[in-house]
Amino acid sequence: MARRSRSQALATQAAELAFAAPQVVAHRLGRMALAGARPSARDRREFTRMSSEKSDAFAESWLAMGATAWRLQLDFWLSCWGLGFSPWLGRGGKRTLNSLADSQRAAVAILASGLAPVHRRAVANAKRLGRVGR
């Protein structure tokens, strides 16, 4: 089987998220409508989980994107520094981030790291809430 590129994997994750998120929203809105003014203990747990899950996923996503961006910037600056000393070290330095393709790969890496926590939770919720007997 051929290996997928990171951008193909990101597109697949986005498509899966596009299918899972409406399922989860529909299930939870239906549950809210049926619960009315007096939700059961089970409904209250699900609604609490829904709220905390969103803030957790948001925080995890931003931290992951920040860490990925920081790592890519560090790699870039270290490669620039290495190129400056390469004549004295007797070897070529690491290639710098200088092409449009390199910039696009960096952007895809940042997006993928940010989408992963949201995707993981949404797909897991769609599976969990879609089971019979929920």
Take SER61 and tell me if it is under 17 Å from ALA124 (Cα atoms) and touching a Ser or Thr at 6+ places or on another chain (Cβ under 9 Å). yes
Is there a residue being in contact with a helix residue (DSSP H, G or I) (Cβ under 8 Å, 6 or more places away or on another chain) and not in a helix (DSSP H, G or I) anywhere in the range 55-67? no
The range 23-41, residues that are touching a Lys or Arg at 6+ places or on another chain (Cβ under 9 Å) and over 15 Å from GLY130 (Cα atoms): ALA35, PRO39
Taking the range 103-130 and keeping only residues that are more than 17 Å from the chain's Cα centre (by Cα), surrounded by 14 or more Cβ atoms within 10 Å (Cβ to Cβ) and charged (D, E, K, R), one is left with none
Condition first: open to solvent by less than 70 Å² (accessible area, probe 1.4 Å) and either in contact with a strand residue (DSSP E or B) (Cβ under 9 Å, 6 or more places away or on another chain) or at pLDDT 60 or above (or both). Now tell me which residues in the range 87-100 satisfy that. SER99
Across the range 11-50, what is the total count of residues that are under 19 Å from the mean Cα position of the chain (by Cα) and open to solvent by less than 70 Å² (accessible area, probe 1.4 Å)? 11
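The values are calculated or read from the model by the stated rules, or taken from the named source; none is laboratory data. Bear in mind that the values here come from a model prediction, so they are computed numbers and not experimental data. A quick note on method: Cβ atoms are made from the backbone with ideal geometry, for glycine too, and the neighbour counts reach across all protein chains shown. We work out accessible area using only protein heavy atoms, side chains counted, and drop any ligands, DNA or RNA first. Shrake-Rupley method; radii C 1.70, N 1.55, O 1.52, S 1.80 Å.
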